[in-house]
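Engineer: Take a look at this one; I'll ask things after.
The values are calculated or read from the model by the stated rules, or taken from the named source; none is laboratory data. In this text, all values refer to a predicted model and were calculated from it rather than measured experimentally. So basically every Cβ, Gly included, is an ideal-geometry build from the backbone, and we count neighbours across all protein chains shown. What goes into the accessible areas is simple: the full protein's heavy atoms, side chains included, and nothing from ligands, DNA or RNA. Shrake-Rupley method; radii C 1.70, N 1.55, O 1.52, S 1.80 Å.
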Amino acid sequence: MLAALPALDPGVLPDFPDPAWVFSHAVPLILLIAAVLAGRAALPAPRAWQIARTATTLTLGLALATVAVRLADPATDGWPLAFSVVLALVTSIGVVITRFAGTYLEGEPRQQDFVRWLCLTLAGSSLVVATDHLGVAVGAWIGTSLALQDLLVFYRDRPQAQMAAHKKFLVSRSADLCMLAAAVLLALEHGTLQLAALNDAARAGSFGLLSQTAVVLLALGTLLKSAQLPFHGWLMQVMEAPTPVSALLHAGVVNLGGFVLVRLADAVLAVPAAQALLVVAGSLTAVLAGLVTSTRISIKVGLAWSTCAQMGFMVLQCGLGLFEMALLHLVAHSLYKAHAFLSSGETVHQALVARMAPHATSLGLTPRLVSGAAGLATVWAAGWLAGVDLLASPALAAMLVVVGASLAPLLFGGPSRGLWIRAPLAAAALAALWLGLHAALRAWLPSAAPSWGTFPAGPTVLAAWVALAFATLFVVRALVVSRPEAPRIRSLHDLFFGGLFLDEWFTRLTLRIWPVRRTPRRSFRLLLAPKGGSAR
């Protein structure tokens, strides 16, 4: 009977979708269904949390399945292994935050609303990671921002939270307009918004004026979404939101900008103006926010300023064409910030204990500068032993300065504790780990060879700017720590403690443009509220 059946021609068999593509797109769909089911007002809060926990656990399993598929078939055409890793990161953060928030908000009213907006935020974030269509990514990013808005104002009786959400709404909507305009321009010139097709067009040199303008708008929108100076104030003031929301924002949502730039790597490399914008804005934010962070006493506020600085560092890496380093930074920063915020209570306790303990004598300026030079030598030596010439390109040389300066505290902290041997070995091990992960992620990403186009001396000028900026950061911080009583240093400390007063200027500007008013029950209604009226 079976022999009587006609033989199937392999040439006419249907093309089944890539399993990794199917698994990755199932993640936001499951989270969207969970948001609908768990957000019902009549549903008991424990049941809503159970739905959310089940959904996030299932999505984590699907994300890990995409990693397994790509490890078995490491294709880089449609869904590279690196993107599967990022999706697994997003879903794992969703699992941890959902479980933490269920206990954190126990006994609070409106928990069903919180679960709904949490699942919608996670669904939008995972869709940004999963999709290969710029229009879908922009729409999902806008939806993520609007859902997060309701989480930020969960405690509606806190004026500081309302003000932060008000400023974030204005900044995010400005970024959305940039993104939408960029998508329209790219569609007009290329007739498609598929990310792979746009990258192919960029590599082929077919980016005209419309496409170049679009990429600059995408870069500007990313800077706005990533809380770069002077549009950063809302990120510091969302500490009034529940702690799980802070963890979700700092460990997940704010990192989406860097991922979008990585997905459009070739397009960014084809537009020197966008590269310059990312490098200059990102480096200024990283340096200034890093100086402000060193003056903060509040643990959570210090973490917020640290996020601002880290986002600046991520976008400048994208501007230099070091996309694999930016992706590595994204993963490491997300894991660190999720742990830091969810364990912030223990962190505060440890900080208080550390302040009560006797302090070692602070080193002077010269030993700190010597430690910086030792950090540079350590990173260069690790690269030389691994066969990586960190002086082969200006961008890598700039990263040599950054990583070397970051290892200096470990090196000058070692001798004061009697760790003359272990501290240099630990620094060398960290440098080798950084180089190894950098090489692995570069192999997992689609090819995006740096091409600085017609920008005059692009790599040299921008890389020299980055190296000078971070060298200045290292020297200024060394001066502040080694000579805190000097009059000029004290005045600098006061200036940095005030965040250069940039947020005060921006707050006055936003209140002139759109005065704050009572926040409506749903953030979507802000779009329809009259300028002078009150949205209810």
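Engineer: Please go through the residue pairs Lys167/Lys337; Lys300/Lys337; Lys225/Lys300 and name each one whose alpha carbons sit more than 18 Å apart in this structure.
Structural biologist: Lys167/Lys337; Lys225/Lys300
Engineer: Could you tally the net charge around Phe114, taking each other residue with its Cβ under 11 Å from the Cβ of Phe114, Lys/Arg +1 and Asp/Glu -1?
Structural biologist: Result for the neighbourhood of Phe114: -1.
Engineer: Using r as the Cβ-Cβ distance of Thr366 and Val280, and R0 as 41 Å, what FRET efficiency do you calculate, to the nearest 0.05?
Structural biologist: The formula returns an efficiency of 0.85 here.
Engineer: Lys300 accessible area, nearest 10 Å², 1.4 Å probe?
Structural biologist: 40
Engineer: Using the Karplus equation 6.51 cos²θ - 1.76 cosθ + 1.60 (θ = phi - 60°), what ³J(HN,Hα) coupling, rounded to whole Hz, does each residue of the stretch 334-340 give in order, writing x for Gly and Pro?
Structural biologist: 4, 5, 5, 6, 4, 5, 5
Engineer: Taking N as the number of residues in the stretch 70-211, what is its Cα Rg relative to 2.2 N^0.38 Å?
Structural biologist: After normalising by residue count via 2.2 N^0.38 Å, the value is 1.29.
Engineer: Just the accessible area per residue of the stretch 109-231, please: how many Å² with a 1.4 Å probe?
Structural biologist: I get 31 Å² per residue for the stretch 109-231.
Engineer: For Ser406, what is the net charge nearby, where nearby means another residue's Cβ is under 14 Å from its Cβ and Lys, Arg count +1, Asp, Glu -1?
Structural biologist: +2
Engineer: Show the residues, 5+ positions off or on another chain, whose built amide H is closer than 5 Å to the amide H of His133.
Structural biologist: Placed amide hydrogens put Leu195 under 5 Å from His133.
Engineer: Still on this model: Using a 1.4 angstrom probe on the protein heavy atoms only, could you order Met314, Met163 from most to least accessible area?
Structural biologist: I get Met163, Met314, largest accessible area first.
Engineer: If you stretched the chain out fully between Ala443 and Ala197, how much longer would it get, using 0.36 nm times the residue separation minus the C-alpha to C-alpha distance?
Structural biologist: Stretched fully, the Ala443-Ala197 segment lengthens by 86.5 nm.
Engineer: Let me ask you something else. Return the tail of the calculated pair distribution for the stretch 240-348, meaning the percent of Cα-Cα pairs more than 23 Å apart.
Structural biologist: In whole percent, the share of Cα-Cα pairs in the stretch 240-348 beyond 23 Å is 29.
Engineer: Roughly speaking, what is the stretch gain from Phe501 to Asp389, that is 0.36 nm per residue apart minus the C-alpha to C-alpha distance, in nm to one decimal?
Structural biologist: 36.2 nm
Engineer: Let me ask something additional. How large a share of the accessible area of the stretch 91-219, in percent, is made up of carbon and sulfur atoms when the probe is 1.4 Å and the other protein chains stay in place?
Structural biologist: Summing carbon and sulfur atoms, their accessible area is 62 percent of the total for the stretch 91-219.
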